[in-house]
Amino acid sequence: MSMTMVYAAPAADLPAPTPRQLAAPAGVGDKIFTRVTLLTGLIVLGVMAAVGLFLSIEASQALRSTGTSFLTTSEWFPDRNQFGIAAVLTGTVAIAVVAVGIALPLSMGTALFITQVAPPKLRSTLVSLVDLMAAVPSVLYGLWGLFFFQGQVIGVSRWISTWFSWIPLFRVTGAEPGSPLSNQTVFTASAFIAGVVVSLMVMPIQCSIMREVFSQVPIGEREGAYALGATRWGMIRIVALPFGRGGIIGGTMLGLGRALGETIAVLLIISPRFDINFHILEAGGNSVSTLIALRYKEATGFGLSALMAAGLALFALTLVVNFTASAFVARSRSGASSEA
Amino acid sequence: MTTRVRFTRLVAVLLATAFAGASAVVGAAPSESYQRISGSGSSWAAGAISSMAVNVKQFGITVDYNPTGSSAGRSDFLKGVVDFAASDIPFQFKPEDGSAPERPAAGSYVYIPVTAGGTSFMYNLKINGQRVTNLRLSGENVAKIFTGSITTWNDPALKVDNPGLTLPARKIVPVVRSDGSGSSAQFTKWMISQHKGVWDSFCTRSGRAPACGFTSFYPTVPGIIAQSGDLGVSGYVSQSFAEGAIGYVNYSYAIGSRFPVAKVLNSSGYYTEPTPEKVSVSLLKAQINTNAASDDYLTQNLEGVYRDPDKRNYPLSSYSYFILPTKVGGTFNTAKGKTLGAFAYYAMCQAQQQSASLGYSPLPINLVQSSFEQIRKIPGVAVQDITIASCKNPTFSADGTNVLAKNAPLPPECDKQGPTQCATGTGGVNSTPTATASGGATAGSGTGAGTGATTGGAADTSAGTADAAAVGGDGSGGECVPDPDTGLCPAGSGGSGSALVQGAVTTTLLSNAGGWSSSQTLMIVVFGLILLLILAPAAAWRHLSRGEPR
């Protein structure tokens, strides 16, 4: 009480220093805009929650009957209560890792070239070319991969398996490097080929995020690096790459999220198999989305619930990947605010 | 003022015309209006069904057929999301492979056979760079190939079937269906009936046991490639990298892909190809359920086909079925029933004329007549009284016998099991013969001639003379395994005849190197177009946005 009195005393002498009202009362347009944006934001969140809830409810029947063996079983016989995602989930990850492994250097190089190296005249053309790649429907990539690309990439697979088969990852059962009559088919329909095709779809997404980030590199720091005698590569190395690290990681993770969920291109290329297969060059692989696309047509009742459970696992995995990505982007220097 | 009057008059005239047009359309519509109908199912029969769907467009009937596989078709029908389904096998009340039973309501559906055909074994195999078109396989070898017991093409068991071919030491790559498929069901049913031991051991190995009955989901083990749909299988087998692959598809897909199919040994000792005539003959032995009260009325039992003693039999012949609704429900209503009925009548009658040209076999008269009775049960159908002769079905005759089957030619003697082998091609390459050693064996020196003739002789006519030299010259030559890229024998392996063999092969290679031709020009044009497709949008965009400030 006494404290209040001490502060209240001068107020009696001077007019109260109330801050001036700066903001005008929001107009009708502003109010509507605020409400609408809030609503759309909530709708997006609501849809996400609804998808998760729906998948959980639908999957509960299957998950209850298998329990934890759902994570360790690799076969898929839901009607015999013997099914799990061990094989499909590792297959999904294998394809996505291959895709990102190829797309990352490609997209980073493209983004750096467009923002730092290419003459300004060429820049917009290159940007629209990369965006064009993102606009091609994935079924076209799949068909192209199946009927054209697969035959062309076999040579690469064979070369890798011939020289690096001492690494278990690149071993191919049935490959006979010395034999002229060895079959090419052991290299087809593999996680590697599916991954290469998916990488082409992932690349534009990653590239556009990295391009955004690299284009925000503060001009002062760039010029400073040049003034200190840095070459262009030196500038990229000491200024652009550290500045854009958050964007690189975030873009990569977003691409990974897309690669995890890619369906039709993988379905067209891969030969589904239900065992954990780490030999990425070898024929046969699997992914969650392929499994769902392949089996949902025939599935009824319990089988459908099992597919929903697989979908739930993929949903959770994709969410984790995307949240990690956005956390990285938000915490990075380039993502938090533009300083230039 | 005058312009305004003119304008008003113009609008009035236009409106009047529009109304007149609309009323004319409305007036004409009810008598001939058909609703759009949709179906899904068998990809085995998809060639025939899609052709029917295209042909009924002329009557204003639109049918969307989606070849998603028989299992998916039956499932869609049960869910009520399609108006009809096509399936190679009936509903599975008690599946033998451990999958969930299908439980359609009794009396809510009927089967009518839609077409017949053979499940054929399309393969991609070359000897010495030349495509083999006359492969023969016994049923047991087919079963062993698709269960991984026979793994290389030069297996002695295959040599017995193909005395005229020197099959290479290449791995066999079986290509099967990855989706739920009636072809897989028919194929495994045949295998279980005829080669149960082979199937059972495979089933156990693949982890399916104890549910080892016939299955729509072919078990896969490493080494077997699985693809979705008949189109996926035939598409994979026909790729240039897929040398050594063999897959099971409907005969029509092999024709469409321009690839050969294996002739399969029947129980009378002849190797046959599933031509429309042979399928027609074979299916005379199919036991059709004629109990009209049964849920499985008109469905087939193929045991008799597997064992048919007719020389012309192809053991893997079968019918494929439409599943038609007899109750309204789901997306199906009586208005659609009218369309579906008209489509079904067309499928049973006029469509059968075209079956043979597509690689399918037309239905015999008794099945068409029974199907007409079944079509009456579709709700909303406009019943047609069709005089059976007007259908121009090639199997029909005045006395009721199956003309197509009666007049089917007997297989040539070179197709009989034994030391000779026909050179004529099969499937989609029936005009491309494969040189066989049988000629060399009879005319030449005996023991070693078989190998030599095939090595040098698998060439086209332009290599004919050198070919003959190779037959004579390589008589004493041992096993020459030619390099697939160059077509040459490794030095010395061909013995005394190797020089002559090389001569023959060189001729072949020269005849293949054609120089500049239309295909090269076409490639450049295509390349240019693709380049344009990539660059033009970007260039146009740049051009259009030039004026704007950045």
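With distances taken between every two different alpha-carbon atoms, the range B:354-427 has a Kirkwood hydrodynamic radius of 15.5 Å. Contact order for chain A, expressed relative to its length and based on alpha carbon pairs under 8 Å spaced 6+ residues apart, stands at 27 percent.
Positive-end ranking of A:Ser199, A:Pro242, A:Leu143 along the dipole of the range A:87-334, with charges on Cβ about the Cα centre, is headed by A:Pro242. With a 10 Å cut-off around each Cβ of B:533-543, the average count of Cβ atoms from other chains is 3.
Amide H contacts of B:Tyr65 (H built 1.01 Å from N, in plane; Pro and chain starts excluded): B:Gly39 sit under 5 Å, all sequence-distant by 5 or more or on other chains. Every pair of different Cα atoms in the range B:173-312 enters the Kirkwood calculation, which places the hydrodynamic radius at 16.6 Å.
This model, with +1 at the C-beta of Lys and Arg and -1 at the C-beta of Asp and Glu, gives the range A:87-334 a dipole about its Cα centre of some 480 debye.
Averaged over the residues of peptide A:268-275, the number of Cβ atoms from other protein chains lying within 10 Å of each residue's Cβ is 6. The lysines whose alpha-carbon is closer than 24 Å to the alpha-carbon of B:Lys336, local same-chain residues fewer than 8 away aside, are A:Lys297, B:Lys57, B:Lys79, B:Lys327, B:Lys377.
If the limit is 31 Å between Cα atoms, which of B:Lys196/B:Lys392; B:Lys159/B:Lys278; B:Lys189/B:Lys406 go over it?
B:Lys196/B:Lys392
Amide H contacts of B:Val114 (H built 1.01 Å from N, in plane; Pro and chain starts excluded): B:Ser320, B:Tyr321, B:Phe322 sit under 5 Å, all sequence-distant by 5 or more or on other chains.
For the range A:87-334, taking Cα atoms only, Rg and Dmax work out to 20.3, 69 Å respectively. Size of the range A:37-189 from its Cα atoms: along the principal axes, largest to smallest, the extents are 59, 55, 27 Å. Taking only protein heavy atoms and a 1.4 Å probe, the accessible area of the range A:87-334 is 72% carbon and sulfur. Once the partner protein chains are put back, the range B:222-253 shows a loss of at least 40 square angstrom of accessible area, versus the chain by itself, at B:Pro222, B:Ile225, B:Gln227, B:Tyr236, B:Gln239, B:Phe241 (probe 1.4 Å, ligands and nucleic acids excluded).
With semi-axes defined as the square roots of five times the eigenvalues of the C-alpha gyration tensor, the equivalent ellipsoid of the range A:111-209 measures 34, 16, 11 Å, largest first.
The HN-Hα couplings worked out from phi for the range B:113-128 by the Karplus form 6.51 cos²θ - 1.76 cosθ + 1.60 (θ = phi - 60°) are x, 10, 7, 10, x, x, 7, 10, 10, 7, 9, 10, 9, 10, 10, 6 Hz, whole numbers, x standing for Gly and Pro. Translational diffusion of the range B:47-94 was estimated from the Stokes-Einstein equation, with Rh taken as the Kirkwood radius over Cα pairs; at 25 °C and 0.890 mPa s the coefficient is 209 µm²/s.
Computed over the range A:41-119, the P(r) curve from all C-alpha pair distances, binned at 10 Å from the origin, holds 15, 23, 24, 22, 11, 4, 0 percent per bin. For the range A:162-248, the set of chymotrypsin sites (Phe, Trp or Tyr not before Pro) satisfying both a DSSP loop assignment and a count of at most 11 other C-beta atoms within 10 Å is given as A:Trp166. Applying a DSSP loop filter and a limit of 14 other Cβ atoms within 10 Å to the trypsin sites (Lys or Arg not before Pro) in the range B:364-425 leaves B:Arg376, B:Lys392.
Each residue of the range A:257-270 was assigned a 3J(HN,Hα) from its phi angle through the Karplus expression (A = 6.51, B = -1.76, C = 1.60, θ = phi - 60°), giving x, 5, 5, 5, x, 4, 10, 5, 5, 5, 4, 5, 8, 7 Hz with x at Gly and Pro. Each residue of the range B:413-418 is assigned a 3J(HN,Hα), and the resulting list reads 5, 5, 8, 6, 4, x Hz, derived from the Karplus form 6.51 cos²θ - 1.76 cosθ + 1.60 (θ = phi - 60°), x at Gly and Pro. Buried surface between chains B and A: roughly 3200 Å² of accessible area, summed over both sides, computed with a 1.4 Å probe on protein heavy atoms only.
The values are calculated or read from the model by the stated rules, or taken from the named source; none is laboratory data. Because the structure is predicted, anything quoted here is derived from the model rather than measured. Heads up, the Cβs are rebuilt from the backbone with ideal geometry, glycines too, and the neighbour counts pull from every protein chain shown. Heads up: the accessible areas ignore ligands, DNA and RNA and are worked out on the full protein's heavy atoms, side chains in. Shrake-Rupley method; radii C 1.70, N 1.55, O 1.52, S 1.80 Å.
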